[in-house]
Amino acid sequence: MAAETDANRKLIAILVPCFNEEAGLEALVNAVKTGLVDGDISQRYDFELLLVNDGSRDNSLAVMKDLRQKHSFVNYLNLSRNFGKENAMLAGMDYSRGDAVVIMDADLQQPVEVIPAMIKKWEEGYDDVYGISPKRPKESWVRRFLSVNYYRVLKRMSRVDTLPNVGDFRLLDRSCVEAACSLRETQRNTKAIIAWIGFDKAAVEFQKVESMRRSRFSIGSLLHLAIDGITSFTTAPLRFATVMGMMVSFISFLYMMFVFVRTLIYGDPVKGYPSLAILILFLGGCQLLALGIIGEYIGKIFKETKRRPPYIAESLNGEKIRGNKSER
């Protein structure tokens, strides 16, 4: 991989999952070189930049090869196809060599200049140093409101300390990396996994830089990630379906007794086709909701029981890989 380093110096790996990032890779490498590799912090640490090509359809892989030839600290891992960002991050953690691993995006919205502050927290003994950005550029209040409340709901449902306004930008000690990599589930939610494994955590505030590129995550894809996050770490929706069924049954029983007693005492004929239709539709909707919740969990069980690897790595720095670490 990278050039040999002093055995007494610790190595920091910068892990960047990449999907169609050809336009920004050179700027990323230059930022890492200027801020870290050639910066003051290089007197104490060595750095490697590990680019994970997650089945890019543009020229990202060719750009990575060229950057590898120009810079010895650049390494690239090529996956056999697009497995998604979560699995690409797992691949990077599997193949990284660093005593600590920094996960960041390729678009430089998360400034490289923040990483020395993360390293300082790591030196103080924290194992998980996460970046927190109170203000997000060009984000609607609706999306921000939904994001904050989603993490609140997830925290209450799963009893896992998931942190709002915290993305994937973080520094992980090798112990955290090994713990996260030991969880080989294919339906991954890295933020929830890192919250679940615990360890000592510290925050570093930073101002997110505005990206010129439009976000690839639509409302639909974000909703998919949200459902995955909830169903991967809690069975609370199943309990909700049970409680909802009990409440509906109890209310239906009370209404049945009311109709029965009223008819018995007052002799009122049973009327109300509209109310009957509404009750049928309401109960049908509740049943479909409960079946949908159960179906989500059955779908996850179906995928996990296949025991397929989360990703398949094709090559590392252009050399074919024999025996994937994904199968460990």
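The values are calculated or read from the model by the stated rules, or taken from the named source; none is laboratory data. What you are looking at is a predicted structure, and each value in this text was computed from that prediction instead of being measured. Neighbour counts run over all protein chains shown; Cβ positions are idealised from the backbone, glycine included.
Some observations on this one:
- Subset of the stretch 91-131 [part of a loop (DSSP other than H, G, I, E, B) and small (Gly, Ala, Ser)]: Ser96, Gly98, Ala106, Gly125
- Single unsatisfied condition, Gly299 versus (1) modelled with pLDDT of 70 or more; (2) assigned to a helix (DSSP H, G or I); (3) over 21 Å from Ala192 (Cα atoms): (3)
- Test: residue in the stretch 92-103 that is touching an Asp or Glu at 6+ places or on another chain (Cβ under 8 Å), among the hydroxyl-bearing types (Ser, Thr, Tyr) and surrounded by fewer than 23 Cβ atoms within 10 Å (Cβ to Cβ): no
- Out of Ala88, Ala27, Ala31, Ala62, sole residue that is at pLDDT 85 or above, assigned to a helix (DSSP H, G or I) and crowded, with 23+ Cβ neighbours inside 10 Å: Ala88
- If the condition is being more than 22 Å from Lys300 (Cα to Cα) and in a loop (DSSP other than H, G, I, E, B), then the stretch 170-208 contributes Gly198, Phe199, Asp200, Phe206, Gln207, Lys208.
- Filter result for Lys65 (touching a residue at least 24 places away in the same chain (Cβ under 8 Å), over 18 Å from Thr190 (Cβ atoms) and touching a His at 6+ places or on another chain (Cβ under 7 Å)): no
- Among the criteria (1) at pLDDT below 75; (2) more than 30 Å from Ala192 (Cα to Cα), the one Leu225 does not fulfil is (2).
- Residue count for the stretch 49-89, restricted to those that are in contact with a helix residue (DSSP H, G or I) (Cβ under 7 Å, 6 or more places away or on another chain), more than 10 Å from Leu15 (Cβ to Cβ) and hydrophobic (A, V, I, L, M, F, W, C): 6
- Selected residue [under 30 Å from Thr186 (Cα atoms) and either at pLDDT 75 or above or part of a helix (DSSP H, G or I) (or both)] from Leu291, Leu254: Leu291
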